[in-house]
Amino acid sequence: MESIGNAIGNVLGPNGLRIFTNQQLGFTSLLFFIFYFAALLYMIDRGRKGLKIPKIRRIAGLDAIDEAVGRATEMGRPVSFSPGISGFVAGTLAAFGIIGHVAKLVAKFDSRLIVCNRMANVYPVTQSIVRQAYLEAGKPDAYRDEDVRFLTEDQFGYAAGVVGIIHREGVAAQMLIGNFYAESLIFAEAGNIAGAIQVSGTDAPAQIPFFIAACDYCMIGEEIYAASAYLTQDRVRIGTLVVQDWSKQIVVALIILGTLTASYAALVGAPSHFVRDILRLW
Amino acid sequence: MRRTLPLVITMVTGAIMVFRDLFNIPEVAEIVNRYLVMSYTLSTQTAVAIGIMNLFKIHFNRISRKRSDWQFSILLIGSACMMLIMGFLFDLGHNAPVYNWWYQILPVQLGNATFALICFYIASAAYRAFRMRSIEATCLLLSGCLVMLGGVSIGNAMWSGFPEIKVFIMNNLNTAAVRGVTLGITLGSLAQYARNLFGIERGYMAE
């Protein structure tokens, strides 16, 4: 069987569908991208019109935030928050949604929140989020500028700074949500030694085991992206999570189909197989 | 205006970046790399200045109010000023040999020392994670032991099958789980970026 990719490539000339760039994204990627954004717009529209949107399942890590802040308030000790060590990546953007919620709770309970930033460009954003949260909670005077800190852009300098703050301030609750690297276990173990209740979540696959082993609650991978939808229960945001699930189902179906066709191709000794040809349309 | 302008900037710059990454147009890529990336660098450096001011403010406060361990704040401000002055003073800036020497003997070594702490923390975290409290924890303990034995030479000396078991666990069971998580993260991050691009999620604007 002639490969479908080659057949379409022959029709479209020597460059075929290679309209893509250095990242070697294929035509399939564009199709997927178009589907993804079309579905996203459809669900946003549904959410805005008040049509039926599926409910979001419980996420233990996000439910635990209230418990952690409550415990810190009872103990009269601060809550610490680290939005990860990266700039404006998806994990950090997700952390922004959670910082606002935590800051509002902290302001409501008259507790104290310390936010430690590694990236200088993230620092002004977290600062304004926390300030706004105190304002919305009706306690603008309780906001202290020095509690939202920029430490250093050096990875382990930042790690050492956070560990020092955890021990010196005696934090009772620690939130580690964002994109972390090797310092994740240093933070989590320092929090554990200080006896803090720890809620963590990261989109760095290599760091998830460390957080699971060392923290009380851990949000695994994509769960942190659902945080703002979960906390606000905003129908439009929940709609975007549905698209995420649809895409996942398509990819899983392709994986199963690919496995079956690849096995069949190997069995009959064919050089190529259907799903790979489809995915290689570029 | 205060609310609309950041949203418009986010949408326009985001759309330009998506266009650059999807389509193979070198002229667009060059313009984007030259101007957008440069403006990002510029805004980041401005943020660094704001961050350093915050750092100095906190530590000057600590010194003036004689809070606990205020002496360390003097050390921090002194070291930061020293590196800053050296960067301006020497012709090659941060590439000057003297600057590099100080950088290599202080921040790099202190960073290495902090990184080295991880081995102790791995041991203490593993001790808690590997306790046989449930069937899942027992499976984790067994697979962890097999991977560890397969990864060290004493394991190979005990039985030559350990490295093969390790490779099987890492290549099949571990990779399958990690790819599942990675798949979710990739699709989730796409949705996260899209929410920011469309202005549905405005956490970065403190909303």
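Would you call residue B:105 more than 12 Å from chain A (Cβ to nearest Cβ), out of contact with any Gly (no Cβ under 7 Å at 6 or more places or on another chain), aliphatic (A, V, I, L, M) and open to solvent by less than 80 Å² (accessible area, probe 1.4 Å)? For residue B:105, the condition - more than 12 Å from chain A (Cβ to nearest Cβ), out of contact with any Gly (no Cβ under 7 Å at 6 or more places or on another chain), aliphatic (A, V, I, L, M) and open to solvent by less than 80 Å² (accessible area, probe 1.4 Å) - is met. Note on the range B:114-136: among residues that are assigned to a loop (DSSP other than H, G, I, E, B) and within 11 Å of another protein chain (Cβ to nearest Cβ), the one that is farthest from residue A:183 (Cα to Cα) is B:131. Within the range B:172-191, residues that are over 23 Å from residue A:34 (Cα atoms) have Cβ atoms under 7 Å from residues that are of a type outside the set (Gly, Ala, Ser) and not in a helix (DSSP H, G or I) in these pairs: B:181/A:220, counting only partners at least 6 apart in sequence or on another chain. At least 1 residues being away from every other protein chain (no Cβ under 11 Å), farther than 24 Å from residue B:116 by Cβ and open to solvent by 10 Å² or more (accessible area, probe 1.4 Å) is the threshold, and among the helices (runs of 4 or more DSSP H) wholly inside the range A:165-247 those reaching it are A:227-232.
Within the option set B:98, B:48, B:37, being touching a strand residue (DSSP E or B) at 6+ places or on another chain (Cβ under 9 Å) and assigned to a helix (DSSP H, G or I) holds for one residue only, B:48.
Residue-by-condition table, conditions (1) within 30 Å of residue B:190 (Cα to Cα); (2) surrounded by fewer than 18 Cβ atoms within 10 Å (Cβ to Cβ):
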residue	(1), (2)
A:67	no, yes
A:70	no, yes
A:82	yes, no
A:92	yes, no
A:106	no, no
A:130	yes, no
A:133	yes, no
A:140	no, yes
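Here is a yes/no grid of residues against (1) within 11 Å of chain A (Cβ to nearest Cβ); (2) free of Cβ contacts under 8 Å to residues at least 12 places away in the same chain; (3) within 30 Å of residue A:144 (Cβ to Cβ); (4) open to solvent by 90 Å² or more (accessible area, probe 1.4 Å):
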position	(1), (2), (3), (4)
B:34	no, yes, no, yes
B:38	no, yes, no, yes
B:54	yes, yes, yes, no
B:61	yes, yes, yes, no
B:86	no, no, no, no
B:98	no, no, no, no
B:101	no, yes, no, yes
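Taking the criterion of being over 22 Å from residue A:71 (Cβ atoms), facing chain B (nearest Cβ under 10 Å), of a type in the set (Asp, Glu) and open to solvent by 20 Å² or more (accessible area, probe 1.4 Å), would at least one residue in the range A:153-161 satisfy it? So far as the range A:153-161 goes, yes, one or more of its residues are over 22 Å from residue A:71 (Cβ atoms), facing chain B (nearest Cβ under 10 Å), of a type in the set (Asp, Glu) and open to solvent by 20 Å² or more (accessible area, probe 1.4 Å).
Does the range A:248-267 contain at least one residue that is out of contact with any Ser or Thr (no Cβ under 6 Å at 6 or more places or on another chain), within 14 Å of chain B (Cβ to nearest Cβ), under 14 Å from residue B:184 (Cβ atoms) and not aliphatic (A, V, I, L, M)? Yes, the range A:248-267 contains at least one residue that is out of contact with any Ser or Thr (no Cβ under 6 Å at 6 or more places or on another chain), within 14 Å of chain B (Cβ to nearest Cβ), under 14 Å from residue B:184 (Cβ atoms) and not aliphatic (A, V, I, L, M).
Residue count for the range A:46-65, restricted to those that are surrounded by fewer than 16 Cβ atoms within 10 Å (Cβ to Cβ) and either within 30 Å of residue A:113 (Cα to Cα) or modelled with pLDDT of 90 or more (or both): 5.
Please work out if residue B:181 is at pLDDT 90 or above, surrounded by 15 or more Cβ atoms within 10 Å (Cβ to Cβ) and facing another protein chain (nearest Cβ under 8 Å). If you could, list the steps in order and put the result at the bottom.
Working: at pLDDT 90 or above: yes; surrounded by 15 or more Cβ atoms within 10 Å (Cβ to Cβ): yes; facing another protein chain (nearest Cβ under 8 Å): yes.
Considered against the rule, which asks whether it is at pLDDT 90 or above, surrounded by 15 or more Cβ atoms within 10 Å (Cβ to Cβ) and facing another protein chain (nearest Cβ under 8 Å), residue B:181 comes out as yes.
The values are calculated or read from the model by the stated rules, or taken from the named source; none is laboratory data. On a predicted model such as this, the values are computed, not experimentally measured, just so you know. Heads up, the Cβs are rebuilt from the backbone with ideal geometry, glycines too, and the neighbour counts pull from every protein chain shown. The protein model used for the area step is the full one, side chains on, heavy atoms only, and it has no ligands, DNA or RNA in it. Shrake-Rupley method; radii C 1.70, N 1.55, O 1.52, S 1.80 Å.
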